[in-house]
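*Asks:* My questions all concern the structure below.
The values are calculated or read from the model by the stated rules, or taken from the named source; none is laboratory data. Everything numeric here is computed off the predicted structure, so don't read it as measured data. Positions of Cβ are backbone-derived with ideal geometry, glycine not excepted, and every protein chain shown enters the neighbour counts.
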Amino acid sequence: MRFQRGCRLRARRLAFRTFRVVRNRKGFLSSKGTPKPNVILVGMPLIFCDLNFIITAHQQSDAYKDHLRQLAATDTVRFVLSPMHWVEAAEDNDVARGTAKADFMDSLESQWLYNRRGIQRKEVAAAFFRFLQVPNTAPQMIASVRDVIADLAGRPAERNSRDFVAHLRAIGANHPLEHSLRENLESNRVNGDRFRTGRLTPAVLQRIERIYVAQLLPTQTPAGVVIDQDSKSRFLNAFQLTDLPAFTVETKATHDSWREERQMSRNNFMDLQHMMALPYVDYFLTDDAKLRALIGRISVGLPFRTALPLTKAEFDLLYP
């Protein structure tokens, strides 16, 4: 019986991986059906964990937390988190609990998404250099805790999550991540009102996207050659939004919320930030049914791969 159960578990795990973690000949991960010919299995899956999963997992038994750590230590999975996890831990009214969550996140040997603006800047630069046919190393959207903190701080830092959460807590409610979050949330609300009253037409939205992308363009090539304005203008006239995967996901999710007239709260705006992980991870771990439905709607027809959403129960079944 034990042998049969083990076989069933292995078969179930293989079924999940066959369904999702494969590359087709164009280099995209397939999210539908079984692998096509000439596919290769990707090794260790990247699993993005939303805020609630970390909060829930931290409240579980020591045995469950040790199990998650073992999955990471044996390179069975790689957990991915975002800077918003630090914000949530820093805002916990229970300082000891917030610090313990920070320690727990690092105990999972987590990798971290760069912040929203950093990801957008990397995507724009990569698309621009492809357009110019300039050799460029593929950008990394996920990095170590120290690298992402250094990117946020603007200088190299030997900090862990505990130290950074304490740093945010010491600055207070107006720390840069919180300030950016509030500013973007307010802008989203204002633009949502304009969209619903017809002032943000498709043509206007396209012009806004072009202006925003122009602000993110690099000024020189990786070799240090200064880029002329004509090259920038030609790119801005030619690029498609889908050349920028995370930017596309955020834009489609934002427009979806405007069309559905959903009131944008701080929490679901943070979800938009997390969804930028979708093109860069294999699984997106969340029990939020509305968020899962949103991911399903916006992923249809995209020319790049997106992560497969998993509930905690599905994750636990996949990695018992």
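*Asks:* Do we find that LEU294 is crowded, with 21+ Cβ neighbours inside 10 Å, assigned by TED's automatic domain parsing to the domain that holds VAL77 and touching a strand residue (DSSP E or B) at 6+ places or on another chain (Cβ under 9 Å) in this structure? Before the answer, list the steps.
*Replies:* Values: crowded, with 21+ Cβ neighbours inside 10 Å: yes; assigned by TED's automatic domain parsing to the domain that holds VAL77: yes; touching a strand residue (DSSP E or B) at 6+ places or on another chain (Cβ under 9 Å): no.
Criteria not met by LEU294.
*Asks:* In contact with a Phe, Trp or Tyr (Cβ under 8 Å, 6 or more places away or on another chain), under 20 Å from LEU244 (Cα atoms) and either buried (at least 17 other Cβ atoms within 10 Å of the Cβ) or among the hydroxyl-bearing types (Ser, Thr, Tyr) (or both): is that true of ILE149 in this structure?
*Replies:* no
*Asks:* Related question: Output the number of residues of region 209-237 satisfying the condition of being assigned to a helix (DSSP H, G or I), surrounded by 13 or more Cβ atoms within 10 Å (Cβ to Cβ) and of a type in the set (A, V, I, L, M).
*Replies:* Total meeting the criteria: 4.
*Asks:* Out of ARG189, ARG207, report the one residue that is among the basic types (Lys, Arg) and farther than 30 Å from VAL134 by Cβ. Show your work before the answer.
*Replies:* Details: ARG207 fails: farther than 30 Å from VAL134 by Cβ.
Testing whether each residue is among the basic types (Lys, Arg) and farther than 30 Å from VAL134 by Cβ leaves just ARG189.
*Asks:* So which of PHE247, PHE284, PHE304 is in a strand (DSSP E or B), hydrophobic (A, V, I, L, M, F, W, C) and either assigned by TED's automatic domain parsing to the domain that holds MET141 or farther than 30 Å from THR76 by Cβ (or both)? It would help to see each step written out before you state the result.
*Replies:* Details: PHE247 fails: in a strand (DSSP E or B); PHE304 fails: in a strand (DSSP E or B).
After applying the criteria, what remains is PHE284.
*Asks:* Take the conditions surrounded by 20 or more Cβ atoms within 10 Å (Cβ to Cβ), modelled with pLDDT of 90 or more and within 21 Å of PHE195 (Cβ to Cβ) and apply them to LEU285. Does it pass? Show your work before the answer.
*Replies:* Numbers: surrounded by 20 or more Cβ atoms within 10 Å (Cβ to Cβ): yes; modelled with pLDDT of 90 or more: yes; within 21 Å of PHE195 (Cβ to Cβ): no.
In short, no.
*Asks:* What do you reckon, is LEU152 under 16 Å from PRO218 (Cα atoms) and either of a type in the set (D, E, K, R) or in the same structural domain as HIS274 (by TED's automatic domain parsing) (or both)? Full working, then the answer.
*Replies:* Working: under 16 Å from PRO218 (Cα atoms): no; either of a type in the set (D, E, K, R) or in the same structural domain as HIS274 (by TED's automatic domain parsing) (or both): yes.
When the stated conditions are applied, LEU152 does not pass them.
*Asks:* Do you know which of the residues in region 114-152 that are among the β-branched types (Val, Ile, Thr) and part of a helix (DSSP H, G or I) is farthest from LYS232 (Cα to Cα)?
*Replies:* For region 114-152, the residue satisfying everything is VAL145.
*Asks:* Keeping to region 38-59, report how many residues are modelled with pLDDT under 90, hydrophobic (A, V, I, L, M, F, W, C) and surrounded by fewer than 19 Cβ atoms within 10 Å (Cβ to Cβ).
*Replies:* Summing the residues that are modelled with pLDDT under 90, hydrophobic (A, V, I, L, M, F, W, C) and surrounded by fewer than 19 Cβ atoms within 10 Å (Cβ to Cβ) in region 38-59 gives 5.
*Asks:* Here's something else I'd like to know. One residue is enough: does region 68-75 have a residue meeting the conditions among the polar types (S, T, N, Q), farther than 18 Å from ARG169 by Cβ and surrounded by fewer than 15 Cβ atoms within 10 Å (Cβ to Cβ)? So that I can check it myself, show each step before the final result.
*Replies:* The initial filter retains those residues of region 68-75 that are among the polar types (S, T, N, Q), namely 70, 74.
Next cut, farther than 18 Å from ARG169 by Cβ only: 70, 74.
Next, only the ones that are surrounded by fewer than 15 Cβ atoms within 10 Å (Cβ to Cβ) stay: 70, 74.
Within region 68-75 (the criterion being among the polar types (S, T, N, Q), farther than 18 Å from ARG169 by Cβ and surrounded by fewer than 15 Cβ atoms within 10 Å (Cβ to Cβ)), the answer is yes, since at least one residue qualifies.
*Asks:* Kindly indicate the residue of region 95-143 that is at pLDDT 90 or above and β-branched (Val, Ile, Thr) and also surrounded by the most Cβ atoms within 10 Å (Cβ to Cβ) among those meeting that condition.
*Replies:* Of everything passing the filter in region 95-143, ILE119 is surrounded by the most Cβ atoms within 10 Å (Cβ to Cβ).
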